[in-house]
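The values are calculated or read from the model by the stated rules, or taken from the named source; none is laboratory data. These numbers were taken from a predicted model, which means no experiment stands behind them. In this analysis, Cβ positions are derived from the backbone assuming ideal geometry, glycine residues included, and neighbour counts consider all displayed protein chains.
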């Protein structure tokens with residue numbers, strides 16, 4: 001064994017060179033003596049639920065205050081129903097998933113759409129309208145299918161992101177045209193007034209991504225510059 005600085009021959013067991021005092025570097029000893037512990041640390045399972053607890057308390061206090069104000073002033077639930085529905089939607093979409101360590105989007109996305117549909121049904125009944133079945137219900141249902149499908153495909157299908165997002169954008173363009181169609185049959189508005197422009201923009205973007213999926217160089221460029 002020799003000194004890495006001056007090259008003098010060293011005796012076994014010395015820790016530094018007797019000539020230049022350079023510490024001895026022994027690769028065999030470094031490989032034999034590893035720097036990590038023999039026992040792996042336990043998994044850190046602590047969760048921070050302070051945000052969920054805080055928002056829950058605020059939601060309960062706000063709901064209770066609205067109930068008291070409505071029944072004291074009017075004797076029944078007047079405008080407070082809309083506010084309570086909004087608080088419920090906020091809690092379901094933004095707060096409830098925080099109670100779970102790994103919230104499942106394929107569960108919470110349909111659940112959120114069901115809650116939105118029920119809230120719109122309440123508004124429809126409260127205002128005496130007749131637009132829920134012909135307008136709100138089909139649009140909420142289609143939105144639920146598109147959103148849940150996008151989440152599941154991105155989560156479970158690997159290596160197909162350009163095709164998935166491209167197809168989703170084309171579907172969103174078609175969804176905008178369906179929105180105007182249901183608006184036309186429900187409220188008597190003019191067809192193809194605005195949806196054709198929206199469908200054109202989303203469709204063009206979707207077709208670009210679908211095309212990029214078939215061109216390796218373009219797909220690499222998207223991944224390089226846009227982390228796509």
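Within the set 105, 86, the sole residue that is exposed (fewer than 15 other Cβ atoms within 10 Å of the Cβ) and either under 30 Å from residue 49 (Cβ atoms) or without any contact (Cβ under 8 Å) to a residue 24 or more places away in the chain (or both) turns out to be 86.
Residues of region 184-228 that are touching a helix residue (DSSP H, G or I) at 6+ places or on another chain (Cβ under 9 Å), free of Cβ contacts under 8 Å to residues at least 24 places away in the same chain and under 27 Å from residue 133 (Cβ atoms): 189, 190, 191, 192, 193, 194, 195, 196. When residue 137 is tested against the conditions (1) modelled with pLDDT of 95 or more; (2) not in a helix (DSSP H, G or I), the lone failure is (2). Whether a residue is over 30 Å from residue 80 (Cα atoms), modelled with pLDDT under 95 and exposed (fewer than 14 other Cβ atoms within 10 Å of the Cβ) was assessed, and residue 127 does not pass this test. Taking region 95-122 as the range and being in contact with a helix residue (DSSP H, G or I) (Cβ under 6 Å, 6 or more places away or on another chain), in a helix (DSSP H, G or I) and under 19 Å from residue 154 (Cβ atoms) as the test, the residues that pass are 97, 105, 106, 108, 109, 110, 112, 113.
Counting only helices (runs of 4 or more DSSP H) that sit completely within region 1-94, those holding 1 or more residues that are at pLDDT below 80 correspond to 27-32. The set of residues in region 5-22 being surrounded by 12 or more Cβ atoms within 10 Å (Cβ to Cβ) and in contact with a strand residue (DSSP E or B) (Cβ under 9 Å, 6 or more places away or on another chain) consists of 8, 10, 16, 17, 22. Scanning region 185-213 for residues that are farther than 19 Å from residue 171 by Cα and assigned to a helix (DSSP H, G or I) gives 185, 186, 187. Across region 214-228, the qualifying residues are those that are in a loop (DSSP other than H, G, I, E, B) and loosely packed, with under 13 Cβ neighbours inside 10 Å, and the one among them that is modelled with the highest pLDDT is 215. Every listed requirement among (1) surrounded by 17 or more Cβ atoms within 10 Å (Cβ to Cβ); (2) within 24 Å of residue 113 (Cβ to Cβ); (3) at pLDDT below 95 is met by residue 157 save one, (1).
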